[in-house]
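Note sheet for the following structure.
Laboratory data are not the source of any read-out in this text; all were calculated from the coordinates shown. Just so you know, these numbers come straight off a predicted model, no measurement behind them. All Cβ positions, even for glycine, are placed from backbone atoms using ideal geometry, and neighbour counts span all protein chains on display.
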Amino acid sequence: MVSVYQAEHIILNNVRLLDCQTIPLSQAYGRLLREDIRNDRDQPPFDKALADGIAIHISSYDKGLREFPIEKTITAGDKPYQLKNINHCVRIMTGSVLPNGCNAIVPIEQVAIDADTAGLKGWTLVKLKQNIRFKSSDSKNRQLLIKEPCQLLTPQIGILAAVGKTKVKVSVQPNIAVISTGDELVDVDKQPKTYQTRLSNSYALKALLEGSGLARGTLFHYSDNKKALIKGLAKNLEDFDMLILSGGVSMGEFDYVPEALKQLGVKALFHKVAQKPGRPFWFGKTRKGKVVFALPGNPVSTQICAYRYVIPFLKKAAGFKLTQEHTFLSHGTEKTEDLTLFLPVSTNEKNGVRYAEVVAMGGSGDFAALAKADGFIEYDQNQKSLWPYFSWRV
């Protein structure tokens, strides 16, 4: 049996950096960026109006003018315009190019329009450069905007569109076989008998993989039949980049997974971790370098092991630098076994510090308790007050 830290070290030492692929921008949300993104021009690319109103030259205001003949009206998208008379104004809309010869914009709320004249309301004060965003004040041409690696979420997609990236380089998503084992399992559309259980683990794992943007998952279910299991796993090892199993890895008479994988040439790198829940966890690798995670079948064990080990493996493979969040426990908890405990917690923040409260759980089969938690902490006897924290949000 290995420790949590030994298990983590073995798993991460078997990571190979994923290849890249170029995909359309329309398909890039959630994917892992593998190129730096730079501006293709200054932003904004021109002196921009930040308010609807009138554009004037401040010298006309400074010498006492409060009424200005309207020389032209321009809107966003119009070509640049040259103010012809310094004592006139231009009606302007938000987002328009500031006319040459103008250096202040008076908001429309402070202006009274009468035919072809704009008059300032009595209380209006005008300052040089007000309501103008000047060229390149946000960012300059060729300036680095997004550094890889990075997950492409809404802000990043907007930036990619703004710089004209119709295609983007991302990490390839591994195609993963998500496998449940056990005669007691039935699919979610079936009515289980009293001695049966629905296939919740597979759907949770598939959702985690695809929701993280790190991988794609395909579901399989094999019964407790050694010959059928070996046949199915052999095909999975041939067709997929990686396997994640849940169930069949403990010491029961029908826990065939370790032996089946051994017969298929998958070398066990460890079997059993000094943790609770999830002690029977198995990890191995084929001669071709494909990895297999065989997770315990109890739902809490499956999900916690997936967050604690599978997700960091995939993040490192995608090129991410791994980081660790931490939290304080609001109240201590007793630890009676010489194991690292994974405890579901709810969290809150006070003065910028995260605090965690342990969520009561009826054991590793109590998957409903996970819905009350924001994530879990890694509670090790060698720690004192600050605990590694894993959020359900990847």
Practice item. Please list, or write none, the lysines whose alpha carbon is within less than 22 Å of the alpha carbon of Lys350, excluding same-chain residues fewer than 8 places away. Key: Lys372, Lys384
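Compute, for the stretch 229-318, the length of the dipole vector about the Cα centre, with Cβ point charges of +1 (Lys, Arg) and -1 (Asp, Glu) only. Units Debye, rounded to 20.
Details: 14 positive and 6 negative charges, 82 e Å.
Using only the charged Cβ atoms, the result is roughly 400 debye.
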Revision key, fill the gap. If amide H atoms are modeled at 1.01 Å from N in the peptide plane, then the residues at a separation of 5 or more from Val186, or on another chain, having amide H under 5 Å from its own are Thr197, Arg198, Leu199
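Just rank Ser180, Ser330, fewest to most, by other beta-carbon atoms within 10 angstrom. Each step should come with its number before you reach the end.
Details: Ser180 24, Ser330 14.
Fewest-to-most Cβ neighbours within 10 Å comes out as Ser330, Ser180.
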Check your understanding: Just one of (1) 22.0, 80; (2) 30.5, 96; (3) 24.5, 95 is Rg and Dmax of the Cα atoms in Å as worked out from the coordinates here. Which one is it?
Key -> (2)
Review point. Given the Cα-Cα distance of Asn348 and Trp123 and 0.36 nm per residue of separation, how much length would full extension add, in nm?
Key: 76.3 nm
Exercise for review: Quote the relative contact order of the chain in percent (integer), defining contacts as alpha-carbon pairs under 8 Å separated by 6+ residues.
Suggested key: 16 percent
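For the pair Arg198 and Lys321, what calculated FRET efficiency results from E = 1/(1 + (r/R0)^6), where r is the Cβ-Cβ distance and R0 = 41 Å, to the nearest 0.05? All intermediate terms of the calculation are to be shown ahead of the outcome.
On the way: r = 38 Å, r/R0 = 0.93.
Using R0 = 41 Å, I get an efficiency of 0.60.
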Exercise for review: Please give the calculated 222 nm ellipticity per residue for the chain, where each DSSP H segment of at least 4 residues contributes -39500 (n - 2.57) and the sum is spread over every residue; nearest 500 deg cm²/dmol?
Suggested key: -5000 deg cm²/dmol
Review point. With the dipole of the stretch 325-391 worked out from charges on the C-beta (+1 for Lys and Arg, -1 for Asp and Glu) around the Cα centre, which of Met361, Thr336, Ser346 lies farthest toward the positive end?
Key: Ser346
Review point. What share of the DSSP beta bridges in the chain is antiparallel, in percent to the nearest 5?
Key: 65 percent
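Going by how many other Cβ atoms sit within 10 Å of their own, how do Trp392, Trp282, Trp123 line up, fewest first?
Final ranking by Cβ density, sparse to dense: Trp123, Trp392, Trp282.
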**Study point:** Highest to lowest packing among 141-148, 215-222, 48-55, scored as the average C-beta count within 10 Å
**Key:** 48-55, 215-222, 141-148
Check your understanding: Computed FRET efficiency, Cβ-Cβ of Asn85 and Asp114, R0 22 Å: what is it to the nearest 0.05?
Key -> 0.75
Revision key, fill the gap. Computed for the chain: size of charge dipole around the Cα centre, +1 on C-beta of each Lys and Arg, -1 on C-beta of each Asp and Glu, debye to nearest 20, value 1140 debye
Point to revise | Violating pairs (Cα-Cα greater than 21 angstrom) within the set Lys285/Lys315; Lys190/Lys262; Lys235/Lys272 | key: Lys190/Lys262; Lys235/Lys272
**Study point:** Principal-axis tilt of helix 226-239 within the chain, Cα atoms, nearest 10 degrees
**Key:** 30 degrees
Check your understanding: Charges only on Cβ, +1 for Lys and Arg, -1 for Asp and Glu: so what's the dipole of the stretch 317-383 about the Cα centre, in debye to the nearest 20?
Key -> 260 debye
Exercise for review: Neighbouring Cβ atoms within 10 Å as the yardstick, rank Met242, Met1 fewest first.
Suggested key: Met1, Met242
Review point. Considering only the stretch 48-133, what is the antiparallel percent among its DSSP beta bridges, to the nearest 5?
Key: 75 percent
Point to revise | Dipole-positive endmost among Val106, Ser136, Gly77 within the stretch 67-146 (Cβ charges, Cα centre) | key: Ser136
